[in-house]
Amino acid sequence: MRRIAIFILLLLEALTVSAEPAETGTLLSSAKMDVVVDGKSAGYVLIPAKTHVTVVSTANDGYLVKRNSSEKPFFVPKESLSLDQNDTRSQKSQSGLEEGHSNFRSPIPLVVASASPHYSIPDIPSGTQSNSGTLSTGPTSNQVNQALGIPLFGYGNLWDENDSLVAGRLRWPAESKTSREAGYRRYPYTFNSETRVFGVRALSLFLQGIDDKVVRIAILFANKGDIAFYMSPEEVRQQSVHPDRPFIVTDSMLKRCRDAMIRDKFILEEKLTSLFGDGRPARVGRFAATTEAGQRWDWNGNTFLLIAPQNEYVTLKIIPTTAFEDANSEKKSFASAKVDLCHRIGHRDNGDVILNDIPMVDQGRKGYCVPATFERILRYYGLSGDMNILAMAGQTQPGGGTDIAKIQDASYAMLSDAGAHITHVNFNGSYLEIKPYIDAGKPVIFPLFSTMEFNDRVNERMSHRIAVTDWNEWREAFLPSLKKTEPLKPDPRYGHICLIVGYNASTGEIAISDSWGPGSTERWMTEEEARQIQAGSLSVIE
């Protein structure tokens, strides 16, 4: 409360403009500038060291400063600011603002609205220093944003910014949030609007954050998983007549999709070259099934990777140059994630033991349940999983259908290279078989026949389970009544993979999690159902 009161007094002082020149200085260390939406914190911008600022007012323990007159002030401790030597004013009589006082033209004066934030990002001129301490060369951040068509780059180094703030600037909604990792994904068709990057229609836009910082941007363009986008009006009509039947992929749809991949790759390569100059060859991945070959452009600590495997997908990835060049980054991430496993287990009063920290990946309209599930497990262990790469490795067909053995081999190779090993466990449907792994913070990969009857039964039970107040009645009356129902029949047409993420020893229930969005994060089945629909041995990463 004392700090809030000081801030209010300082802001009141800032409204009084002095005839004297404003005092200025340079940050000696980075500082956080909070962003508030509707009275609540919406994240922060990290203001880097060496930023030139104007002092608004002072307190005993520091200064209220701002970079320019159009944005809100932020607080820095006294030891974090070096006042300019040519300033003759006393440190104790400071008020007033001088517009345009800094030689460093700061971008991202933030204007945060309650409905949809709008961000104005003036240029960072070439020849100034980025907050990584390197000299900015080539196009300005504003020129890059204009070329991209999205306000990706704000102030200085993207990788120092708060992930939720960047996602808010882009208007990419949160897909998942764990204690350490966050994912933000925009499917343009979900919002009935089209998003174009470099003038090319994007079909998925993804931002990954770790420890509140942005670590990866992945933008997907034409791809086989979104084959439905390439239907003709007549094909749409034919598919809609029998919506319950499997999706039919025609030769004309395949041709339009593949033509779109060729066109998108050509346009993106042309735009990137025009912006950054000639690219150079780049390879990502250490194993044949998951290696991506493409072109690379580097700009001010950011590496742009354009990758387009034939007849698979076209994607633009933007990552820190330092991470791209660190051959041991995956091993470091996996080792760090393993240390945290014991902290990822939740215990509820009703006896549920649940893993709460597994990233959600919504496969959207793609038939990518297997690749999306393996992306979730890779990201849980700190690795850079991508369902499109995994779909390529698993030879997933347009419209769905994956060679599970191939995708397992590819994922396990990535995990083994990071220092993991995989245990295969026979499963007879008992929660006791999965209990040791859940208790150790390890999700279990579960192959099953995800039939309509099974999902209808689980969905119906979940509508009751979320409202249970008497768990004795649930255990002693409701669940036993289910044993009188018709046994579930396995059906190879509905082969599927999901994650086992919990159990309840008292009720004998097992929790699964599917890659169908937040509503499928936690679904409970009985031991009998697990035994009836299981389709093979379990797998555990250790």
Q) Somewhere in the stretch 359-370, is a residue more than 27 Å from A260 (Cα to Cα), surrounded by 18 or more Cβ atoms within 10 Å (Cβ to Cβ), in the same structural domain as P443 (by TED's automatic domain parsing) and modelled with pLDDT of 80 or more? A) yes
(Q) Under 6 Å between Cβ atoms, which residue pairs at least 6 apart in sequence (or on different chains) link something in the stretch 53-67 that is small (G, A, S) with a partner that is assigned to a strand (DSSP E or B) and buried (at least 22 other Cβ atoms within 10 Å of the Cβ)? (A) S57/L64; G62/V76
**Q.** Failed criterion for I422 (all others in (1) in contact with a helix residue (DSSP H, G or I) (Cβ under 9 Å, 6 or more places away or on another chain); (2) at pLDDT 90 or above hold)
**A.** (2)
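Here's the yes/no breakdown for (1) in contact (Cβ under 8 Å) with a residue 40 or more places away in the chain; (2) within 17 Å of P359 (Cα to Cα); (3) out of contact with any Phe, Trp or Tyr (no Cβ under 6 Å at 6 or more places or on another chain):
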{"site": "K177", "(1), (2), (3)": "no, yes, yes"}
{"site": "R180", "(1), (2), (3)": "yes, yes, yes"}
{"site": "E194", "(1), (2), (3)": "no, no, yes"}
{"site": "L203", "(1), (2), (3)": "no, no, yes"}
{"site": "F206", "(1), (2), (3)": "no, yes, yes"}
Q: Taking only the stretch 251-275 into account, find how many residues are without any contact (Cβ under 8 Å) to a residue 24 or more places away in the chain and either crowded, with 17+ Cβ neighbours inside 10 Å or not polar (S, T, N, Q) (or both).
A: 6
Q. For the stretch 309-332, which residues satisfy the criterion of being outside any strand (DSSP E or B) and modelled with pLDDT of 90 or more?
A. T321
**Q.** Enumerated strands (runs of 3 or more DSSP E) restricted to the stretch 36-89, each holding at least 2 residues that are at pLDDT below 85 and surrounded by fewer than 20 Cβ atoms within 10 Å (Cβ to Cβ)
**A.** 40-47, 52-59
Q.
Can you confirm whether S513 is small (G, A, S), more than 31 Å from the chain's Cα centre (by Cα) and in the same structural domain as T373 (by TED's automatic domain parsing)?
A. no
Q | Yes/no for P518 being more than 30 Å from M414 (Cα to Cα) and at pLDDT below 90 | A | no
Q) Looking at E453, E460, E375, which one is crowded, with 21+ Cβ neighbours inside 10 Å, of a type in the set (D, E) and at pLDDT 70 or above? A) E375
Q. With respect to V166, is the statement that it is under 22 Å from G382 (Cβ atoms) and at pLDDT 85 or above true?
A. yes
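The values are calculated or read from the model by the stated rules, or taken from the named source; none is laboratory data. None of the values given here were measured: they were computed from a predicted structure. No Cβ is skipped: glycine too gets one built from the backbone with ideal geometry, and neighbour counts run over all protein chains shown.
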